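The values are calculated or read from the model by the stated rules, or taken from the named source; none is laboratory data. Note that this is a predicted model, so its numbers are computed, not measured. Note that we place each Cβ from the backbone using ideal geometry, even for glycine, and neighbour counts take in every protein chain shown.
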Amino acid sequence: MAIRDKIRILILDDEKQFTEELSGFFLGSDYESYEANTAEEGRKILNDNKIDLLILDVRLPNANGLDILEEVKIQYPAIEVIIISAHGDMDTVIKAIRLGAFDYLRKPFRYIDIQIAIERTQKYLQLHRKLKQMEERNSLISKTLEEKIDRQFIGISSQLLEVFEQAVTAANYPDANVLITGESGTGKENIARIIHYSSRRKDHFFCAVNSSAITESLLESEFFGHKKGSFTGAFTDRMGFFEVSNGGTLFLDEIADMPISLQAKILRATEEKVITRVGDTNHIYTDFRIISATNHDIDRSVEKKKFRLDLLHRLNTLHIHIPALRERPEDIKPLLLHFVDFYSAKFNKPRINVSQGVFNELQKYDFPGNVRELRNMVERAMILCRTNVLGMNDFPVNKHEVSAKEDNTESVNLKIIEIRAIRQALQSAKFNQQIAADALGIHRDALSRKMKKYKITLKKNEE
Ligand SMILES: Nc1ncnc2c1ncn2[C@@H]1O[C@H](COP(=O)(O)OP(=O)(O)OP(=O)(O)O)[C@@H](O)[C@H]1O
Ligand SMILES: [Mg+2]
């Protein structure tokens, strides 16, 4: 298996004894070497393997080494070339350097010389790889910078403090996968970033992927990368999300939408930490952590066979649930003030106050769009306000919506019914979770997740 960062070297020289000897020198080292004694053999190896460095003798009997150098530089611009020249052949050396050779060695040479030349090339290659990785990263940055640096998590409710504590735990266990659940706009991505940037993975990439936004046919190559020419449109070798997240975090947003065909592959990659690019045979090791998020009832997706249970097990080593904003109205005030400050600075406005009535009224509002909705409301109010005090007029939620929280108790009722059903089933089953789950018609794991979510414990004296 080719380990990440292992440099692959092709030695192309007509003297079999020389290539064998040099190859032997690389044996057991950090380099993987290939030998070729004719231009033909060389071309074949270059085509079949991802060579990083070519050690090329410019004096080949049936071919001109400089032509080969030129050919390689055009066809494989990423390959670095060290040429081997005979003593007194300075002209060739100069030509070779002009054609893009990285270094040269004069025959006969000592192993120490070649060692130094390779180390120099290796350093260069590593820098080059880093640069390439950064370019790949940049092409993946889809969100605005503002959102990227938005890493504050505001709130005073006990529920939010618990979420925060769980995030700290998740940051301290940088290899454990985390599943974040919660309605849209509750701050799942925010928490995911906080976990990443507070963990030892922080200097590596946070790769946010929403698989529902990618065409299904491209998904595999987006995740695993591809080899040049593996399908129409694959013009160059390309890293996928798993490789880009090496050392860092792969954030899988809206996992419930992930096509079932891809789930098995994602599971395997997550378990083995080894991937293969589409159209390639090399195995690539990559060390990533997955934080996934969903606003769907993922247990339902499992029950409906739309989501693999084994994958869910892999992803939810740690589970963080962010409650809806309406379930923690104490957070409305600090959040609102935070957004007022944020937009004051952004829009260059003088100090803006908020009348107490706003907080009171908004506490009654349902916030179906959660914190995102509150944020948008504040942004609109700050743009439109004419005075330096924001009143309820600046927050045009209609009265019907404000009272909705009191009238529309459907979702609350549903939750209560669910809790009641679980408790009853547990009691009838004498607290045997398997029997209770069977009676409820759900999987045992789904039951224990729901118990965790609703904080239902197994103490018999509880009710
Ligand atoms: N506790 C918080 N403190 C500060 N900002 C927050 C908080 N919670 C959410 N936000 C802000 O609300 C907006 C929505 O958050 P985010 O995108 O993380 O939600 P989400 O749960 O991923 O939503 P969706 O399910 O729709 O993708 C962001 O601008 C985020 O910064
Ligand atoms: Mg999100």
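I'd like the full set of residues that are in a loop (DSSP other than H, G, I, E, B), away from ligand 1 (no atom under 13 Å from the Cβ) and of a type outside the set (Ser, Thr, Tyr), limited to segment 177-211.
Across segment 177-211, the qualifying residues are 177, 200, 201, 202, 203, 204, 205.
Please go through segment 288-301 and give me each residue that is modelled with pLDDT of 95 or more and more than 16 Å from ligand 2 (Cβ to nearest atom), ordered by number.
Within segment 288-301, 288, 289 meet the criteria.
Looking at (1) surrounded by fewer than 16 Cβ atoms within 10 Å (Cβ to Cβ); (2) touching a helix residue (DSSP H, G or I) at 6+ places or on another chain (Cβ under 7 Å), can you tell me which one residue 213 breaks?
That leaves (2) as the condition not met.
For segment 2-109, list the strands (runs of 3 or more DSSP E) that sit wholly inside it and hold at least 1 residues that are assigned by TED's automatic domain parsing to the domain that holds residue 129 and exposed (fewer than 14 other Cβ atoms within 10 Å of the Cβ); which are they?
Ranges flagged: 80-86.
I need every pair where a residue in segment 165-181 that is small (Gly, Ala, Ser) has its Cβ under 7 Å from the Cβ of a residue that is in a loop (DSSP other than H, G, I, E, B), sequence separation at least 6 or different chains.
Every condition considered, the pairs that remain are 170/176; 171/199; 176/317.
Quick one: in segment 187-229, of everything that is farther than 17 Å from residue 289 by Cα and aliphatic (A, V, I, L, M), which residue is farthest from ligand 2 (Cβ to nearest atom)?
Of everything passing the filter in segment 187-229, 218 is farthest from ligand 2 (Cβ to nearest atom).
If I filter segment 168-183 for residues that are out of contact with any strand residue (DSSP E or B) (no Cβ under 9 Å at 6 or more places or on another chain) and either near ligand 2 (Cβ under 10 Å from one of its atoms) or closer than 19 Å to residue 374 by Cα (or both), do I get at least one hit?
yes
Quick one: would you say residue 335 is within 31 Å of the chain's Cα centre (by Cα), under 25 Å from residue 186 (Cβ atoms) and aliphatic (A, V, I, L, M)?
Considered against the rule, which asks whether it is within 31 Å of the chain's Cα centre (by Cα), under 25 Å from residue 186 (Cβ atoms) and aliphatic (A, V, I, L, M), residue 335 comes out as yes.
One residue is enough: does segment 344-360 have a residue meeting the conditions in contact (Cβ under 8 Å) with a residue 40 or more places away in the chain, away from ligand 2 (no atom under 16 Å from the Cβ) and either on the phi < 0 side of the Ramachandran plot or of a type in the set (Phe, Trp, Tyr) (or both)?
The answer is no; no qualifying residue exists.
In segment 111-134, how many residues are under 16 Å from residue 11 (Cβ atoms) and exposed (fewer than 12 other Cβ atoms within 10 Å of the Cβ)?
So the count comes out to 1.
Is it the case, given these coordinates, that residue 305 is surrounded by fewer than 16 Cβ atoms within 10 Å (Cβ to Cβ), closer than 30 Å to residue 273 by Cα and either assigned by TED's automatic domain parsing to the domain that holds residue 210 or more than 16 Å from ligand 2 (Cβ to nearest atom) (or both)?
Yes: the conditions hold for residue 305.
(1) within 12 Å of ligand 1 (Cβ to nearest atom); (2) outside any loop (DSSP other than H, G, I, E, B): which one isn't true of residue 367, the others all being true?
(2)
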